[in-house]
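The values are calculated or read from the model by the stated rules, or taken from the named source; none is laboratory data. These figures come from a predicted structure and were not determined experimentally. Note: ideal-geometry Cβ built from the backbone for every residue, glycine included; neighbour counts use all protein chains shown.
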Amino acid sequence: MKQKTDLRRVGVARALSKLGFCSRAAGVELARAGRVRVNGVVRRDPESPVHLEKDRIDVDGRLVQENQRVYLVLNKPRGVVTTASDEKGRETIYAYLEADLSWVAPVGRLDKASEGLLLLTNDSEWAGKITAPETHLDKTYHVQIAKVADENLLKSMASGVKTSKGILRVTRAGLLRCGEKNSWIEVVLDEGKNRQIRRILEILGVGVLRLVRVQIGPLALGDLKKGEVRHLTADEKHAIDQAIGRDDPG
């Protein structure tokens, strides 16, 4: 008979992330620095197994308890980097969060030049479901390009372009509006590869002027102003949970 897996038993670094204390990467560094104790014993191996419900985990002598789950939406401004700190001293998304807020991490990324809807949470499992390729959760972008878009361009984006690592394509592309020398197009992705839209358009010889994420699954950016952040409503959280196949309450 196959032994049942204990889903509450994980590596100590992952445990810190699942409890909402810090990112998994930060948990690795804390463990290696000898700052983590499990049941009074220092655990330097980030993969050292612990039981989330039975074991006592301390960091720097302070008990780690499961934090209340936090789900935020930020309208990321252009020019801001999606990291906790930046070696070049650039402004990060954390400048827009309250100082006393629990640790949260971005759900996926928007590059420095991109803007718009960004989710943040301390619920690592929820974040993982949203970003997992197999979830196929649509992300919608409005993109201003330095070209008057035609049907051939839109079809080329959907059919895909060749790269050294395979084909890059979008799920859907449509025209929003045109000017004399540029236009806005709506692009939908159901997976997120690094700079996917920009790379496709670069290969097609089209410059990107602005790139704004306006929707993730059922959640739209709406009238949230640049740099503003708010908590998801219960209805919004429930709608996303249904979209990613996670019915348990956050």
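Checked against (1) touching a residue at least 60 places away in the same chain (Cβ under 8 Å); (2) in the same structural domain as LYS225 (by TED's automatic domain parsing), ALA95 passes all but condition (1).
Can you give me the ranges of the strands (runs of 3 or more DSSP E) entirely in region 62-172 with at least 2 residues that are within 30 Å of LEU52 (Cβ to Cβ)? Outline the logic, then answer.
Details: elements: 71-76, 115-121, 139-145, 161-163, 166-168.
In region 62-172, the matching strands (runs of 3 or more DSSP E) lie at 71-76, 115-121.
For VAL148, the stated conditions hold: it is touching a Ser or Thr at 6+ places or on another chain (Cβ under 8 Å), more than 19 Å from VAL214 (Cα to Cα) and β-branched (Val, Ile, Thr). The residues in region 13-47 that are buried (at least 16 other Cβ atoms within 10 Å of the Cβ), part of a loop (DSSP other than H, G, I, E, B) and of a type in the set (S, T, N, Q) can be counted, and the count is 1.
Yes or no: region 48-67 includes at least one residue that is closer than 24 Å to LEU101 by Cα and among the hydroxyl-bearing types (Ser, Thr, Tyr). No, there is no match, as no residue in region 48-67 is closer than 24 Å to LEU101 by Cα and among the hydroxyl-bearing types (Ser, Thr, Tyr). Output the residues belonging to region 209-237 that are buried (at least 17 other Cβ atoms within 10 Å of the Cβ) and over 17 Å from the mean Cα position of the chain (by Cα). Within region 209-237, none qualify.
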